[in-house]
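A.B. asks: Okay, handing you the structure first.
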Amino acid sequence: MTTPPFGSFFLPGPTEVRRPVLEAMLQPMIAHRGRAFEALFARVQAGLQHVFRTTRPMFVSTSSATGLMEAAVRCAPPGPVLSIVNGAFAERFAHIVRMTGRDGDVLTVPAGEGVQPAALEERLRARSYAAVTVVHSETSTGALTDVRAVSDLAHRYGAACLVDSVTGVGGAPLEFDAWKLDFALTGSQKALAMPPGLAFGVASEAYMASAARAEGRGVYFDLVEFERAALRNQTPNTPAISLLYAADAQLADIVARGLEPRWAEHRAMAERTWQWVAECGERLGIAMGVLAPEGQRSPTVTAITLPTAVAAALPAAVAARGYVIGGGYGAAKATTVRIGHMGDHTVATLEGCLAACEAALVEIAG
Ligand SMILES: *Cc1c(COP(=O)(O)O)cnc(C)c1O
């Protein structure tokens, strides 16, 4: 089996995983109720606290990120939930609210944008909500929402703020403690650049106090059990030990290199992508643009609008040049492609991808 050199895989999840992180998974199995496991979990927990900017116990779930989205809703304080929906993943949060039998309302925001504070305040004033769900970086559109502002507003009206930061944490600034968020989650396979299969989350003390009284929490996603176990450097059930080895290796690297430089590299990759979109459109005479308006763009993923026929043909033409980018997703599926400039990519690896995209565009539409 040969692994291609790092720097060719730009899906907005899963993202490219460096070889040392993959190799970490070759370590032997250990008893998950033993000392060695507790030491492993303690290191992973400390690394996660670093990237979430928190001192709270961390949830490590053997599931994809959606599992912790469901947990966030199941264990949320009783009462109606307002979901801010500005794309396909935000809609997933609203769907979970409905499917877990909660009383849910939706605040629809134009796709590609973040919520306007005035629109949110109007809804919070009209009805008393127990919680608000919001997506930090909407991976289907590349929109970034100011979740601190959403959380501040929610708190003013007595609602908890539940944040899907799946393509945020590790790539876009998020300060769990300083911003006083109630719940935040991510998946292993996005900006943290680990293999898929784990979800990571954290909850505030106030959220956990009400979770302990929440009915219908279920079993597998009961955060009260997650917290109880995490305080002993344990997991409620058999953990995915191999994936935790990968998380351990990757978190050590992220902490050693520093979180702020990582945020800056993501910001630089995003800006380079936006600049390339503008310049390439001009050079080739193609109608292309960035879906999210300026000032509301995610540093980790860009959805690029293109004529439908071009959007349909581009990912395969790019693949023929040795690079992987994502097609459109959700409502913008037919009219966009997406570049995931996140994880361990750098502006240098991104240049290769953008050059491949431009060569492919010349072939398709030039
Ligand atoms: C990928 C993603 C999810 C879902 O993650 P899974 O790991 O596939 O469950 C949820 N929200 C956002 C914003 C995502 O990017």
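A.B. asks: Quick one: go through segment 273-304 and flag any residue whose amide nitrogen is under 19 Å from the point 7 Å out along the Cα-to-Cβ line of Glu175.
C.D. replies: Correct set: 299.
A.B. asks: Taking N as the number of residues in segment 19-257, what value does Rg over Cα atoms divided by 2.2 N^0.38 Å take? Intermediate results must be reported in sequence, preceding the final value.
C.D. replies: Details: Rg = 17.3 Å, N = 239, 2.2 N^0.38 = 17.6 Å.
For segment 19-257, the normalised Cα radius of gyration is 0.98.
A.B. asks: Say each of Ala46 and Ala359 gets a label point 7 Å from the Cα, pointing the same way as Cα to Cβ; how far apart are those two points in nm?
C.D. replies: Once both label points are built, they end up 4.5 nm from each other.
A.B. asks: Shifting gears a bit: Report D for segment 285-366 in µm² per second (integer): Stokes-Einstein, Kirkwood Rh on Cα pairs, 4 °C, 1.567 mPa s. Spell out each step's value before the answer.
C.D. replies: Values: Rh = 12.9 Å.
Roughly 100 µm²/s, to the nearest whole number.
A.B. asks: Compute the length gained on full extension between Tyr220 and Arg19: take 0.36 nm times their separation in residues and subtract their Cα-Cα distance, giving the result in nm to one decimal. It would help to have the intermediate numbers written out before the result.
C.D. replies: Working: separation 201, 0.36 × 201 = 72.36 nm, distance 3.15 nm.
Result for the pair: 69.2 nm of gain on full extension.
A.B. asks: Which order do the peptides 95-108, 47-60, 75-88 take when ranked by the mean count of other beta-carbon atoms within 10 Å per residue, highest first?
C.D. replies: 75-88, 47-60, 95-108
A.B. asks: Let me ask something additional. Give the separation of the Cα centroids, segment 228-277 to segment 150-205, in Å.
C.D. replies: Taking the Cα centre of each part, segment 228-277 and segment 150-205 sit 13 Å apart.
A.B. asks: Only four residue types carry charge here, +1 at the Cβ of Lys and Arg and -1 at the Cβ of Asp and Glu. Report the dipole size of the chain about the Cα centre in Debye, rounded to the nearest 20. Don't jump to the answer; show the numbers that get you there.
C.D. replies: On the way: 31 positive and 34 negative charges, 136 e Å.
Computed about the Cα centre, the dipole is about 660 debye.
A.B. asks: Under a Cβ-only charge scheme (Lys and Arg +1, Asp and Glu -1), can you give me the dipole magnitude of segment 107-240 about the Cα centre, in debye to the nearest 20?
C.D. replies: Values: 11 positive and 15 negative charges, 40 e Å.
My answer is approximately 200 debye.
A.B. asks: Would segment 121-262 count as rounded, prolate or oblate if I go by the C-alpha gyration tensor, calling it rounded below 1.5 in a/c and otherwise prolate when a/b exceeds b/c, oblate otherwise? Write out the running numbers ahead of the final one.
C.D. replies: Values: a/c = 2.10, a/b = 1.25, b/c = 1.67.
Oblate shape, in that a/c is at least 1.5 and b/c is the bigger or equal ratio.
A.B. asks: Which helices pass in the chain if a helix is a full DSSP H run, must span at least 15 angstrom along its long axis by Cα, and must have mean Kyte-Doolittle hydropathy not below 1.0? Working shown, then result.
C.D. replies: Numbers: long enough: 35-52 (25 Å, 0.47); 88-99 (16 Å, 0.49); 241-257 (24 Å, 0.97); 259-284 (37 Å, -0.93); 308-319 (18 Å, 1.88); 347-365 (26 Å, 1.50).
Once both thresholds are applied, what remains is 308-319, 347-365.
A.B. asks: Related question: Figure the gain on full extension for Ala316 and Glu38 (residue separation times 0.36 nm, minus the Cα-Cα span) and round it to one decimal in nm. Spell out each step's value before the answer.
C.D. replies: Numbers: separation 278, 0.36 × 278 = 100.08 nm, distance 4.48 nm.
Full extension of this stretch gives 95.6 nm more.
A.B. asks: So, one more: Once you place label points 7 Å from the Cα toward the Cβ at Glu279 and Ile30, how far apart are they in nm?
C.D. replies: Label-label distance for Glu279 and Ile30, simple model: 4.8 nm.
A.B. asks: I want the local charge near Gly79. Using Cβ-Cβ distances under 11 Å, sum +1 for each Lys or Arg and -1 for each Asp or Glu among the other residues.
C.D. replies: Working: positive: Arg102, Arg127; negative: Asp103.
Net local charge, Gly79 excluded: +1.
Every number in this text was worked out from the coordinates using simple rules, so none of it is lab data. All figures in this text were calculated on a predicted structure; none of them were measured in a lab. For neighbour counting, all protein chains shown are included, and Cβ atoms are generated from backbone atoms with ideal geometry for every residue, glycine included.
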